[in-house]
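Peer 1: Below you'll find the structure I mean.
The values are calculated or read from the model by the stated rules, or taken from the named source; none is laboratory data. Note that the structure is a prediction, hence the values are computed from the model and not measured. FYI the Cβ positions are ideal-geometry reconstructions off the backbone, even for glycines, and counts take in every protein chain you see. Ligands, DNA and RNA are stripped out before the accessible areas are found, and what is left, the full protein with its side chains, is counted by its heavy atoms. Shrake-Rupley method; radii C 1.70, N 1.55, O 1.52, S 1.80 Å.
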Amino acid sequence: MKNPLPWLSVGGLMTTAAAVISFADPIPFPESGTYTFDFESDPLESGWSIEGWVWDFIPLAVEEMTATGDGDGQISVSDPTALDEFSFDDTGDVYPLAPLVAPGSYQALGFSGENWLVNAAAGDAVDDGTGIFIVENPGTATLDFSDLPEHTGISIAMKLGAGGSVDSGAQGSADGPFSILVDGEEVFSHTFNSGGGNLTSQGITQLATGANLTTLYRERWNDNGGAGPNSASDRTAHGWTLDSAYDVTAAPQLATIPHTSDELSISFLHRMTSAANDEHVAIDDLTVKLINDVIADPNEWPGGDTYEEDFTSVGLEWKLKEWSAAPVMSGVKSMTGTGDSGGLVRPSAGGFNESAFSNGDPVFPLEPLIEGLSYSEVDPRFGGTWLGSNASANHNGSAVLFFKDLPPHDGIDLDFVLASTDSSGDADDIIPNAETNGNFQILIDGKVIHETRYTGGSGGDGIVEELISQANLSPNYREEWSDGDGEGPLDAENRTSVGWTLDSAYDYTAYFNADGENPIAHTADTLTVSFIHGLNSASDDEGIAIDSLKLQLLNVTEKVDFAISDISISDTNAVTLKWNSAGGKTYGVDRSFNLESANDWDELADGVESGGAETSFTDSAIPAGTPRAFYRVRLEP
């Protein structure tokens, strides 16, 4: 294959020196619903708009150390004495040497082909006045799509490489985060450190860290207190010259991104202050998939202004993915033994248990330190059954309601109670990692209207009413024997509850009220309500559940048939049409002078936005002397 940018790379050595700028027109999204690009062809000729990135060879690893020096593939002198291999070899004739970190390749880790998209230098970081350094002109690579088929979301997957001297240090050298934007909104962001090995988010597979994958690899002779190296193996790898590789296939931020428009823009931003011959972030094997969770046959609105569900039996109007109806939970009433599962007292940090004070005499059962209650005792709206989460490896468990033929209304109110059990999140780590979970979301017609993070013992955003927290409400409750400075527990009461096994409950009844802080505007005659959880374990470890759901349409008026209701003619022969309409719709208006054939209609306007219960249009362009005219109004899809 020819070098894609011969003035930028020579012999596989990254020498990126400039940015390529190109701005492209949108490309039609593939009818298959999946777009893939492996960067084996020039992205500039494939619909990409690029500024501050370059299409380049995937570099090669250092196969051997060639000399003492401060360059790539070399071993720098020891510090501070400047002693090197002459400390143990008078001739210095020790090269070539095999690198301490065995050479690998991005291709062997799953990167396809010979090429990828890698950063150019974005520019220096500047102080924004608060002591935070910001790269103001990030490199941007953008894909714009048109003609997307019906869908409810998208997912983004890719291979991601990072390494070299990525840093967040002082002015002029601080590298900012790598980010992904969808339609201008940030959906993913991460700031790499030296060697690029600190990306540990849930759903992202580390293919390699601390690796020798590029020509930037270097080592250093050990100083040994001024004596210099003892042998040819007395050296260390420079951590800031190492590389990392990731398979980004199921990151919760990217696995289910709400999206319904027939146009889509995806941008990849880097904020690297140096080019790829010093540090790099690169993408390869990009896949963008459309997600379609639309219920093929939406449900008729049940009548009146209210839909209610207690989840005794989940109706067919629900589409469930990693949610299911389940019995409402109750807490642990009695601690039955020493162990590491629900209802047991864990050994102390030093491994001590009740034998330290009981001499083997029975101490169980014990009453739990926190009284065991059922969720129904906390609030009777938690009935016998609720809708609870199941494990979702991709952090996209969804419970979806879809209604059609809603009567005219101007908003909705959504009430329910929510349970959060056990280790259902990490309040201090909003970006999920391999041990934490994604957020709880509520979507209306594909748009997020509420998002928060719950832990088992507490959580929420401080606005939703808390019914109880730090409670013993599920079978997962545990305690732990106190260590007693290594002496073990003193008596049967010398124990503590395990915080991550505690539970909480919340009341959303007043959260979405029309006169509150979070009103939900809605006028369309169709409605989709989605509840999303991001839990990676089942309910025997952690859980989110909802109960006593009430969905109410606000200010409902009588539904009228779609028809022209009035025609009037002004003194200037302008014709005004009025018709019964529905909120959120658009209409087209046509005119004919003879109706001699089905094709005699001329379009006067399209995209006429609904005025609510009634919409009007005025035709002021009737030719003088016209004896008659016919009009029709079309409801647009």
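Peer 1: Can you tell which of Thr241, Thr236 is surrounded by fewer than 18 Cβ atoms within 10 Å (Cβ to Cβ) and either at pLDDT 90 or above or touching a Gly at 6+ places or on another chain (Cβ under 8 Å) (or both)?
Peer 2: One residue alone meets the criteria, Thr236.
Peer 1: So, one more: Please specify each residue of segment 551-563 satisfying the condition of being open to solvent by less than 70 Å² (accessible area, probe 1.4 Å) and touching an Asp or Glu at 6+ places or on another chain (Cβ under 9 Å).
Peer 2: Result: Leu551, Gln552, Leu553, Leu554, Val556.
Peer 1: Checking the structure you have, find out if any residue of segment 421-441 is at pLDDT 80 or above, farther than 30 Å from Trp301 by Cα and either open to solvent by less than 20 Å² (accessible area, probe 1.4 Å) or in contact with an Asp or Glu (Cβ under 6 Å, 6 or more places away or on another chain) (or both).
Peer 2: Yes, segment 421-441 has at least one match.
Peer 1: Sticking with this one: Tell me which residues, restricted to segment 484-504, are of a type outside the set (Gly, Ala, Ser) and touching a Pro at 6+ places or on another chain (Cβ under 8 Å).
Peer 2: The answer is Arg495, and nothing else.
Peer 1: Which ranges mark the strands (runs of 3 or more DSSP E) fully within segment 312-387 that have 3 or more residues being closer than 22 Å to Asn472 by Cα and modelled with pLDDT of 85 or more?
Peer 2: In segment 312-387, 323-327, 344-346 are the strands (runs of 3 or more DSSP E) which contain 3 or more residues that are closer than 22 Å to Asn472 by Cα and modelled with pLDDT of 85 or more.
Peer 1: What's the number of the condition Pro475 fails, among (1) modelled with pLDDT of 90 or more; (2) not in a loop (DSSP other than H, G, I, E, B); (3) not aromatic (Phe, Trp, Tyr)?
Peer 2: (2)
Peer 1: If you scan segment 16-55, which residues turn out to be aliphatic (A, V, I, L, M) and modelled with pLDDT under 90?
Peer 2: Passing the criteria: Ala17, Ala18, Ala19, Val20, Ile21, Ala24.
Peer 1: Quick check on my filter: what residues within segment 488-516 are touching a helix residue (DSSP H, G or I) at 6+ places or on another chain (Cβ under 7 Å) and either among the aliphatic types (A, V, I, L, M) or at pLDDT below 90 (or both)?
Peer 2: Residues satisfying the conditions are Gly488, Leu490, Ala505.
Peer 1: Please determine whether any residue of segment 346-366 is of a type outside the set (S, T, N, Q), within 16 Å of Ser330 (Cα to Cα), over 36 Å from the mean Cα position of the chain (by Cα) and crowded, with 18+ Cβ neighbours inside 10 Å.
Peer 2: no
Peer 1: Do you know which residues across segment 43-72 are open to solvent by 10 Å² or more (accessible area, probe 1.4 Å), part of a helix (DSSP H, G or I) and not aliphatic (A, V, I, L, M)?
Peer 2: Glu45, the sole residue that qualifies.
Peer 1: Kindly check whether there is at least one residue in segment 561-578 that is more than 30 Å from Pro637 (Cβ to Cβ) and within 36 Å of the chain's Cα centre (by Cα).
Peer 2: No: zero hits.
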